[in-house]
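Reading through the structure tokens given below for one structure.
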Amino acid sequence: MNVISDQRVRRGRKFGQVLDGARKVFMRDGFERASVDDIAREAGVSKATIYAYFPDKQLLFLEVARCECHRQTEEAEAMVTGEVPVRTALTIAAERIVAFQLSDFGQRMFRIVVGEGERFPGLGRQFHDFGPGLIHARLVHHLGSYVAQGALRIDDLDLAADQFAQLCKASIHEKLIFGMTETITPELAHRSVHGAVDMFLARYGVKG
């Protein structure tokens, strides 16, 4: 269940406009400095419209994150419909995880949550639940499907999904957050993706 949408957020004709405007302002100004006035101006709506949809700014921020992660998850799942070999499916998933890490959105959201989490307790947990947590849940589901097919042998799906996501960050995440490099080359991204898939299958793959 989508806790945000079901309990506290209302949708309307200009809902997409509000999200697009909020995304731009959060990316530009961060969470604390982003004002409802600026978001309304960027979205081309009134403040009353924003408050009609979102009772507070934190819910708006979390919905922006949720929608982006949901979009990327849907795109990845659309590529693994049917009987796709497990290596192919894992490669697609790894490419999406790495692409999210390298995106302006992914990097900016990470910095916002880490930098402002102390001033806004619970922001990090909620961001995880509505963002990366969604991706984790889909990984668990698809890994379970391949276990049922006999292509993988995994006792702890939750742990395996976490391990896979962490493997995809190898040689990339720390370089970005510590400012060791401004860009990750396609070669390095390719190395991380295929290294993650190879190691994961070496641990959990079933040899035919």
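The values are calculated or read from the model by the stated rules, or taken from the named source; none is laboratory data. This one's a predicted model, so the numbers in the text were calculated from it and none came from an experiment. Heads up, the Cβs are rebuilt from the backbone with ideal geometry, glycines too, and the neighbour counts pull from every protein chain shown. These area figures cover heavy atoms from the full protein model, side chains too; ligands, DNA and RNA do not enter into them. Shrake-Rupley method; radii C 1.70, N 1.55, O 1.52, S 1.80 Å.
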- Exactly one of (1) modelled with pLDDT under 85; (2) not in a loop (DSSP other than H, G, I, E, B) is unmet by residue 22. Its number? (1)
- Check on residue 203, in contact with an Asp or Glu (Cβ under 8 Å, 6 or more places away or on another chain) and either open to solvent by 30 Å² or more (accessible area, probe 1.4 Å) or assigned to a loop (DSSP other than H, G, I, E, B) (or both): no
- Item | Matching residues in segment 57-93 - criterion: being closer than 22 Å to residue 108 by Cα and small (Gly, Ala, Ser) | 65, 76, 93
- Taking the stated definitions as given, is residue 112 out of contact with any Lys or Arg (no Cβ under 6 Å at 6 or more places or on another chain), within 18 Å of residue 158 (Cβ to Cβ) and in contact (Cβ under 8 Å) with a residue 40 or more places away in the chain? no
- Message: What's the number of the only condition in (1) within 20 Å of residue 27 (Cβ to Cβ); (2) open to solvent by 40 Å² or more (accessible area, probe 1.4 Å) that residue 112 fails to meet?
- Response: (2)
- Message: Cβ-Cβ distance below 8 Å, separation of 6 or more or different chains: which pairs start in segment 16-28 with a residue that is free of Cβ contacts under 8 Å to residues at least 24 places away in the same chain and end on one that is in a helix (DSSP H, G or I) and crowded, with 23+ Cβ neighbours inside 10 Å?
- Response: 25/39
- Message: Just the residues that are over 18 Å from the mean Cα position of the chain (by Cα), surrounded by fewer than 19 Cβ atoms within 10 Å (Cβ to Cβ) and not polar (S, T, N, Q), please, taken from segment 132-150.
- Response: 144, 147, 148, 150
- Message: On the basis of being in contact with a helix residue (DSSP H, G or I) (Cβ under 8 Å, 6 or more places away or on another chain) and open to solvent by 40 Å² or more (accessible area, probe 1.4 Å), does residue 157 make the cut?
- Response: yes
- Item | Members of segment 141-156 that are over 13 Å from residue 201 (Cα atoms) and of a type in the set (Ser, Thr, Tyr) | 145
- Test set (1) modelled with pLDDT of 80 or more; (2) in contact with a Gly (Cβ under 9 Å, 6 or more places away or on another chain); (3) open to solvent by less than 30 Å² (accessible area, probe 1.4 Å); (4) within 19 Å of residue 164 (Cα to Cα) - residue 69 fails condition number: (1)
- Item | Condition check for residue 119: in a helix (DSSP H, G or I), out of contact with any strand residue (DSSP E or B) (no Cβ under 9 Å at 6 or more places or on another chain), basic (Lys, Arg) and modelled with pLDDT under 85 | no
- Inside segment 85-107, the number of residues satisfying the requirement of being crowded, with 16+ Cβ neighbours inside 10 Å and among the acidic types (Asp, Glu) is 1
- Residues located in segment 160-180, provided they are modelled with pLDDT of 85 or more and open to solvent by 80 Å² or more (accessible area, probe 1.4 Å): 166
